[in-house]
């Protein structure tokens with residue numbers, strides 16, 4: 001915190017000069033008499049009125065320290081392998097990034113990364129990964145499912161299966177709606193749901209998208225208490241396509 005010193009104005013007053021009064025000429029010469037009024041006005045006959053002189057107030061401007069420039073952002077550290085598929089973690093200024101070959105997701109806390117397989121619409125098991133951050137009554141996670149290039153994948157059916165699987169956490173009677181949205185550069189289905197699970201009320205939002213060049217499914221999910229929904233926009237803004245992203249399958253040159 002910066003303190004700004006304040007200076008008080010000093011008001012300087014000067015007194016009027018004393019005056020001499022000449023004596024009666026029949027009294028044998030002049031006699032000096034004191035001014036009947038010490039400061040201000042001479043009340044003797046023929047006396048002058050002279051107001052007290054004052055100096056104008058002197059005000060010094062407040063002194064302020066120059067604003068300090070914000071600290072330079074810390075350079076990102078080298079990515080760390082997680083041992084789960086090809087997912088890496090990278091510590092950056094203000095938090096951590098989850099890195100897949102084509103996408104990065106920012107979290108303020110360090111995520112834990114686990115293997116989480118999924119079922120393709122064809123019924124086959126597909127290897128996947130989930131990066132999770134938990135704190136107090138909040139949860140956020142990124143799901144990454146790279147689809148094997150030799151596995152046929154029905155995108156609409158697969159994304160609906162991911163949606164329905166997420167909503168399976170709720171007891172019967174939950175409410176849910178779907179909206180078209182963006183997850184970084186990807187077209188996504190934004191699911192907003194609220195319901196109960198094991199007696200506790202939850203609000204869940206998820207963005208589910210398919211990255212065609214990367215042949216992968218991404219799901220960004222946030223679980224909150226119904227009255228604690230701040231910061232969801234920042235979570236979505238943390239998802240981005242990497243600058244060095246390359247397609248999963250390069251087409252042969254003709």
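The values are calculated or read from the model by the stated rules, or taken from the named source; none is laboratory data. All values derive from a computational prediction rather than experimental measurement. FYI the Cβ positions are ideal-geometry reconstructions off the backbone, even for glycines, and counts take in every protein chain you see.
Does residue 177 satisfy the criteria of being at pLDDT 90 or above and either farther than 21 Å from residue 190 by Cα or loosely packed, with under 10 Cβ neighbours inside 10 Å (or both)? Walk me through it before giving the result.
Working: at pLDDT 90 or above: yes; either farther than 21 Å from residue 190 by Cα or loosely packed, with under 10 Cβ neighbours inside 10 Å (or both): yes.
Yes, satisfied.
Would you be able to say whether some residue in segment 99-111 is assigned by TED's automatic domain parsing to the domain that holds residue 145, touching a helix residue (DSSP H, G or I) at 6+ places or on another chain (Cβ under 7 Å) and not in a strand (DSSP E or B)?
Step one: filter segment 99-111 for residues assigned by TED's automatic domain parsing to the domain that holds residue 145, giving 99-111.
Applying the additional criterion that residues be touching a helix residue (DSSP H, G or I) at 6+ places or on another chain (Cβ under 7 Å) yields none.
No, segment 99-111 contains no residue that is assigned by TED's automatic domain parsing to the domain that holds residue 145, touching a helix residue (DSSP H, G or I) at 6+ places or on another chain (Cβ under 7 Å) and not in a strand (DSSP E or B).
Suppose we filter segment 196-229 for residues that are surrounded by fewer than 18 Cβ atoms within 10 Å (Cβ to Cβ), in contact (Cβ under 8 Å) with a residue 24 or more places away in the chain and in a strand (DSSP E or B); how many remain?
The qualifying residues number 4.
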